[in-house]
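Below are the structure tokens for one structure; questions will follow.
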Amino acid sequence: MSDISETQVNLPQKGDSPPANYFRTPSYEGLLADKDVAVPMRDGVNLSIDFYRPDTDEKLPALLAFAIYNKDIQGPDVADELPPQPAWSTLWTGPLETGDTRFFVSRGYVHVIGSPRGIGKSEGGGSREWDCYDLIEWIAGQPWCDGNVGMVGISGFGAEQLAVAKKQPPHLKAIFPFDSRGAYGPMGGFRDEHTGGMLHLFRYLIGHFSAIHQVKGQPGDLPPEKEELWRAAMDNPDYLMYPQLRNILAQRGQHMPPFFEMLLNPYDNVAAVEQSEAEFADIKVPTYTGSGWYGYTYKTHLNGCQNWFRNIDVPKKLMLAGPAHLERPFHSFHDEILKWHDHWLKGIDTGVTDEPAVKYWVMGENKWREAEDWPLPETQWTPFYLNSWERLNPEPVTLGSSIEVQAPDSFVQMPPTQTNTVQRLRYLSEPLAEDLLIAGPAVLNLFAAIDQDDTNWIVSLKDVGPDVSVLSVREGEREIPNDLPERELTRGWLKASHRAVDKSRSLPGRPWHPLTREAQQMVVPGEINEYAIEILSTANLFRLGHRICIDIMSIDLPTGVAGATNAEYVPFHICSSKTTVHNIYHDLERPSHLLLPVVPV
């Protein structure tokens, strides 16, 4: 009879749960809860916090979760009534992000959940700049805390960790900001969230869970400079075809104020970017960041974690997982979180510092891999050229050949006031002769002309196949089968008027578009321009017989009515209100091509 261990081979791995190789069983019993505790800040404003601890007199380290989401929809009581829901559940709710209280408490941590001033039960008024710093130092001085404070929680709770780390509170020892916001500028910055300068409605969609204090009154006058920006926004037909955006603009900042401000000034801020870059050196605590593939739905997490990892110089880790939409209430990879904080807060030799710095999930292979850096040093940047008949070829057009000049491919997109049909051009490679692994960012260098002064470029990278068909002139064999399996891996975006590139700041696969008002240049209708469209990072093993595919589009649409979507965290972009003809060129002078980060298998 076989030993059980001999049967435990080739078991499926999970994209939302890396092999932690670290398991510590619960060692504390009971759960004591103190809720709605008033904690005074340096200016006298009181924050409202909850903290949960084991039933013991022992001093323990604390894990703080702190963000603008309502603390009253977090914690163990919520999890008791709403067990973790997968992203396809109708009860999946994004802001439930503070972590599994019972898991942390039973392993000897105090779990603290709090709200900044002006949020929920916390008092308002004054500046919240030092709230998290002051709260960390208050926690460290409590009789149940041993003076060691770490931080947990994802998304908004991850963003707060990096923001307060710059302030260097003395008792903050380590952070785990998974799904943190962007790295460039306040509130995560424009460029990480609105990639390529294309505006989307993510903040509008999650605004329905806002706990910010606000009293709505009659819309009042705006300062002269803002009034001018408001009038320009109210004259923008691309805004006004969306009733929900007109509603926000008409209320002049009374409703969803941060989103209102973005509509008025949808550009990157050079000074904020420069300040952010100077402040990377202010982060001194060990940092474990990351996000999941498919983070293209809201971008700021997937872009942000890579930028944080690249720019900070501390003991650091990066985890790029499978599905971006982790179960809620958040409880995933807690053994990995425990391994990190046990090392830095409890002094346990967990082996975490001996491991490679990067863990990443490879789709297609459905397997975790490790690396010492990201992007991978062994990356081989490999072009695939757009060609006639919507083909994607590894060879460029040959000089002096009969195909040196080629007619452009075209598609016409009507606006969503007239259609629900998304037009596209699809380019497919031949079936691959062997497995091909890509890992990292990609870029589509596109030569194109439009008949309007602006458009959106949306690029979808897909894995299509396997395809065992043979194309011939015989009936039924003339086309690639339209029922091939296909799997979207990631997307890229660029507003045509933001095509300018700062080559001095660009990285392989990551063109740096200034995205400022000053750098924006409207398109001359009919003029052929080059567009470097960044495609968000991914990792995928294209299997033998599969095809590499890119779809090129200019709009995406809400999946519900009244501007809603049927999945809470899947936003759509503000597109052109005009019917637009798109011509894409691929010849010797205009070699449109996809540049992929190929990694030796």
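Each value in this text was obtained by applying a stated rule to the coordinates, not by laboratory testing. The shown structure was predicted, so the numbers you read here are calculated from the model rather than taken from an experiment. Methodologically, a virtual Cβ is constructed for each residue, glycine included, from the backbone with ideal geometry; neighbour enumeration extends over all protein chains shown.
Mind listing which chymotrypsin sites (Phe, Trp or Tyr not before Pro) in segment 5-111 are in a DSSP loop and have 10 or fewer other Cβ atoms within 10 Å?
Phe23, Trp88
Can you list the GluC sites (Glu not before Pro) in segment 283-379 that are in a DSSP coil and have 15 or fewer other beta carbons within 10 angstrom? Please report the intermediate quantities before stating the final value.
Working: sites: Glu327, Glu336, Glu365, Glu370, Glu372, Glu378; in loops: Glu327, Glu365, Glu372, Glu378.
In loop regions of segment 283-379 (DSSP not H, G, I, E or B), the sparsely surrounded GluC sites (Glu not before Pro) are Glu372, Glu378.
What three numbers, in Å, describe the spread of the alpha carbons of segment 380-599 along their principal axes, ordered from the longest?
In descending order, the Cα extents are 48, 45, 34 Å.
By a straight-distance test (C-alpha under 13 Å), which aspartates and glutamates pair with Lys578 as possible cross-link partners, with residues fewer than eight away in the same chain excluded?
Asp238, Asp451, Asp453, Asp454
List the lysines whose Cα lies under 17 Å from the Cα of Lys339, skipping any in the same chain that are fewer than 8 positions away.
Lys339 reaches Lys173, Lys316, Lys317, Lys359.
While we're looking at this one, here's another question. Express the Stokes-Einstein translational diffusion coefficient of the chain in µm² s⁻¹, to the nearest whole number, given a Kirkwood radius over alpha-carbon pairs, 20 °C and a viscosity of 1.002 mPa s.
Details: Rh = 25.8 Å.
Answer, rounded: 83 µm²/s.
Can you pull out the trypsin sites (Lys or Arg not before Pro) in segment 242-342 whose DSSP state is coil and whose Cβ has at most 16 other Cβ atoms within 10 Å?
Answer in residue order: Lys284.
What FRET efficiency comes out for Gln380 versus Ile528 if R0 is 30 angstrom and r is the Cβ-Cβ distance? Round to the nearest 0.05.
0.50
Also: Quick check: convex hull of the Cα atoms in segment 50-201, volume per residue, rounded to a whole Å³?
132 Å³
Excluding Val39 itself, calculate the net charge of residues whose Cβ lies under 14 Å from the Cβ of Val39, where each Lys or Arg counts +1 and each Asp or Glu counts -1.
Details: positive: Lys35, Arg42, Lys71, Arg117, Lys121, Arg128; negative: Asp34, Asp36, Asp43, Asp50, Glu123, Asp131, Asp134, Glu137.
Result for the local shell: -2.
Another question, if that's okay. Name the shape class, rounded, prolate or oblate, that the alpha-carbon gyration tensor gives for segment 170-292, where a ≥ b ≥ c are the square roots of its eigenvalues, rounded holds for a/c under 1.5, and otherwise prolate holds if a/b is larger than b/c and oblate otherwise.
prolate
Determine the shape class of segment 257-354: with a ≥ b ≥ c the square roots of the Cα gyration tensor eigenvalues, call it rounded for a/c under 1.5, and otherwise prolate if a/b is greater than b/c, oblate otherwise.
In terms of gyration-tensor shape, oblate.
Report the label-to-label distance for Gln244 and Ala38 in nanometres (one decimal), using points 7 Å from each Cα along the Cα→Cβ vector.
With each label placed 7 Å out from Cα toward Cβ, I get 3.8 nm.
For segment 422-495, just say rounded, prolate or oblate: build the C-alpha gyration tensor, square-root its eigenvalues into a ≥ b ≥ c, call rounded for a/c under 1.5, and beyond that prolate if a/b exceeds b/c, oblate if not.
Since a/c reaches 1.5 but b/c is at least a/b, the shape of segment 422-495 is classed as oblate.
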